[in-house]
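The values are calculated or read from the model by the stated rules, or taken from the named source; none is laboratory data. Remember, it's a predicted structure, so these values are computed and weren't measured experimentally. Cβ placement follows ideal geometry from the backbone for every residue including glycine, while neighbour counts extend to all protein chains displayed. Side chains are part of the model used for accessible areas, which takes the heavy atoms of the whole protein and leaves out ligands, DNA and RNA. Shrake-Rupley method; radii C 1.70, N 1.55, O 1.52, S 1.80 Å.
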Amino acid sequence: PPSEVSLSMQTPRAQVALGHHLVLRCVVAAGTGLLSFSWHWRVLSTGPRLQMHHVGDNDSSQYRCRVSDGDSVAESDPLNVTIL
């Protein structure tokens, strides 16, 4: 089963300037087989990356991803992203 799911971000302190680009990556430390990803905030992506162009004020939020191998599900801790 997938385990140790975490989020990473290119910018320090989880802050992005208004109108800029946001990329989040969902990383799985352990898991085999075909893994499926979903993002739990706005479902914009179903892959291991959530990519948003031109972020706005309403994109400040708590992001998390969920990983499934078809039998088991693991979820990342939330990541608070602030749009400046």
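The condition of being on the phi > 0 side of the Ramachandran plot, surrounded by fewer than 17 Cβ atoms within 10 Å (Cβ to Cβ), of a type outside the set (D, E, K, R) and at pLDDT 90 or above does not hold for Gly56.
Of the candidates Val73, Val27, Val67, the single residue that is within 14 Å of the chain's Cα centre (by Cα) and open to solvent by 50 Å² or more (accessible area, probe 1.4 Å) is Val27. Each residue in the range 2-24 was checked for being of a type outside the set (Gly, Ala, Ser), exposed (fewer than 15 other Cβ atoms within 10 Å of the Cβ) and over 18 Å from Met52 (Cα atoms), and 1 of them qualify.
Picking from residues in the range 33-53 that are more than 10 Å from the chain's Cα centre (by Cα) and under 15 Å from Thr11 (Cα atoms), the one that is least open to solvent (accessible area, probe 1.4 Å) is Met52. When residues in the range 18-60 are screened for being within 20 Å of Glu4 (Cα to Cα) and out of contact with any strand residue (DSSP E or B) (no Cβ under 8 Å at 6 or more places or on another chain), 3 of them pass.
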